[in-house]
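One structure is given here, and the rest of the page talks about it.
Since every read-out is calculated from the coordinates, none of them should be taken as a lab result. As the structure is a prediction and not an experimental result, all values here were calculated from the model. Note that each Cβ is placed from the backbone with ideal geometry, even for glycine, and that neighbours are counted across all protein chains shown.
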4 protein chains.
Amino acid sequence: MRTSVTPSTDPTDYAYTHRLRVRFAETDAMGIVHHSRYLPYLEEARVEYLRSIGHPYHEIHEAGTDLAVLEAFVQYRLPLRFDDLVDVHLRMAQTTRTTFQMAYLLCVDDAAHATAVTVHGAVMNNRPTRLPSWLGELADQSGI
Amino acid sequence: MRTSVTPSTDPTDYAYTHRLRVRFAETDAMGIVHHSRYLPYLEEARVEYLRSIGHPYHEIHEAGTDLAVLEAFVQYRLPLRFDDLVDVHLRMAQTTRTTFQMAYLLCVDDAAHATAVTVHGAVMNNRPTRLPSWLGELADQSGI
Amino acid sequence: MRTSVTPSTDPTDYAYTHRLRVRFAETDAMGIVHHSRYLPYLEEARVEYLRSIGHPYHEIHEAGTDLAVLEAFVQYRLPLRFDDLVDVHLRMAQTTRTTFQMAYLLCVDDAAHATAVTVHGAVMNNRPTRLPSWLGELADQSGI
Amino acid sequence: MRTSVTPSTDPTDYAYTHRLRVRFAETDAMGIVHHSRYLPYLEEARVEYLRSIGHPYHEIHEAGTDLAVLEAFVQYRLPLRFDDLVDVHLRMAQTTRTTFQMAYLLCVDDAAHATAVTVHGAVMNNRPTRLPSWLGELADQSGI
């Protein structure tokens, strides 16, 4: 297991926040958001984060690198419900030469509903490759 | 609108049946299968039908043709629920030189829960192309 | 089939527009948005439309009425791709005592990528019931 | 983090196997199964496992207990592709008075494509409750 980060439940520990609203299609017969639906929320937040720092995903892809998901971990603390406004807080958590981790905190009205970690690997032609240099530097800047 | 077929609610009008079981992840907060989840059921049944007549989808794709979805229509009659065993009955309904229609009936314990029609177009390099000849002949054989 | 409306491809024919961005999780191996993923887009737009006219869905539900999907029709004209900004235009299209239809136009950069119609029935305790009066009046106001 | 199990990559370490086939709707624009789609595979396998040992999910639910997902961890080793036949091997991994863990190995043609762990809590009226006794005994029987 590469996941080595324990995500904080304090929103001020995160560098970026993306807000989204829960769709009815994402709920299940327990009346709450199905646990599999959190992963697309994390992905949407990552994409918006990368855009916000000047690296829209298609530019990364066109530069020849893809960022494959190697691991995902979610801890479900409180349910999410239809129409909830969810703040997905995220930060770059750790990098190696070819991988990086991101940590997430999902809040509704500032209450922690879930935490998560994803691990990603840079891939070129289906083989591991060095992270783009700006990605490696991101983790350094975040001081972690 | 190309859809021109009214699907029968009599299972004996259909050429092929694929059985599947409803996943919990496919339900919504009304306690029933979300209406968007029927389309993957139809797709799964199409894929199994094509395999059953000797044309697994990857062979069609490798022969250079893709089958794009042009239209989809679903009529929801009775809800589907978690763990239901659903019989997806289907038949080739009509073809033109470049398109075909399929009709569907979804039953649980022989009761009609939904009917549907999908229209597909043969596509090569993103442009409409003739249907593979065996596909055109299928509709002829079904006598419709 | 209750669907009786032909959706216009002119955005100015629609009363409301909801903008959303395509998630990577909604694409498929053809590199485009999977055809089943359009239905949650329509639903998200409906929910925002109802909120915009002062009827958030949970108030309708708490007043004892649910709005079941009876039929859905989608015509796929041009593919949607990851990260596209999609304008979902919609309008109330027709009502009966217990049902209403909505028409949709999905555009990217003002080009029509899809049209759709959904038919909904008011349901109370799983039985058809009269539409809430404000819903019936909506269609009248739209002059259709 | 409650997840404390390292799933084996040897299929013979698992008590139960459920086979499923990848749907086209589960792929993404990288041409592989989207990482969020593995969680419904695990869920489907859990449901079939519980049925196989005489405890279909609806009986657990009707007895007043729900099994909430508290945590999920997936390690993606090799991609899954459209039409792959996937063997989901699973075993009860560890229990406490109110929770249990399950470990999973996903194989295609006996090659390990993913491993996973889920943690579940027994819930009655939205509050943690003791596991049903047969569930606690399962872990004992598996000798782990």
The protein assembly as shown, dipole about Cα centre (Lys/Arg Cβ +1, Asp/Glu Cβ -1), debye to the nearest 20
0
Can you tell me the dipole magnitude for segment B:11-135 around its Cα centre, using point charges on the Cβ only (Lys, Arg +1; Asp, Glu -1), in Debye to the nearest 20?
320
Determine by what factor the alpha-carbon radius of gyration of chain D differs from 2.2 N^0.38 Å, reporting the quotient.
1.05
Using a 7 Å offset from the Cα along the Cα-to-Cβ direction at both D:ASP109 and C:THR129, what is the distance between the two label points in nm, to one decimal?
5.7
Evaluate E = 1/(1 + (r/R0)^6) for B:ARG19 and D:LEU78, where r is the Cβ-Cβ distance and R0 equals 35 Å; express this FRET efficiency to the nearest 0.05.
0.75
Work out the mean other chain Cβ neighbour count within 10 Å for the residues of C:78-85 and drop it here as an integer.
2
Pairwise label distance in nanometres, A:THR12 with D:ARG51, each label 7 Å out on the Cα-Cβ vector:
5.2
Can you give the mean number of other chain Cβ atoms that lie within 10 Å of the Cβ atoms in peptide C:31-42?
6
Excluding D:GLN75 itself, what net charge comes from residues whose Cβ is under 11 Å from its Cβ, given Lys and Arg +1 and Asp and Glu -1?
+1
Shape of segment D:54-101, Cα gyration tensor, a/c cut at 1.5
prolate
How many nm separate the modelled label positions at B:THR96 and C:LEU85, each set 7 Å beyond the Cα in the direction of the Cβ?
3.5
Relative packing of A:128-134, D:3-9, B:118-124, which averages over residues the other C-beta atoms within 10 Å, highest first:
B:118-124, D:3-9, A:128-134
Seen from all sides and averaged, what is the projected area of the convex hull of the Cα atoms in the protein assembly as shown, in nm²?
26.3
Measure nothing fancy, just the Cα-based angle from helix C:38-52's long axis to the longest principal axis of chain C, in degrees from 0 to 90, nearest 10.
50
Cα radius of gyration and Dmax for segment D:82-122 (Å)
12.6, 40
Kindly provide the helix-only [θ] at 222 nm of the protein assembly as shown, computed as the sum of -39,500 (n - 2.57) over DSSP H runs of four or more divided by all residues, to the nearest 500 deg cm²/dmol?
-6000 deg cm²/dmol
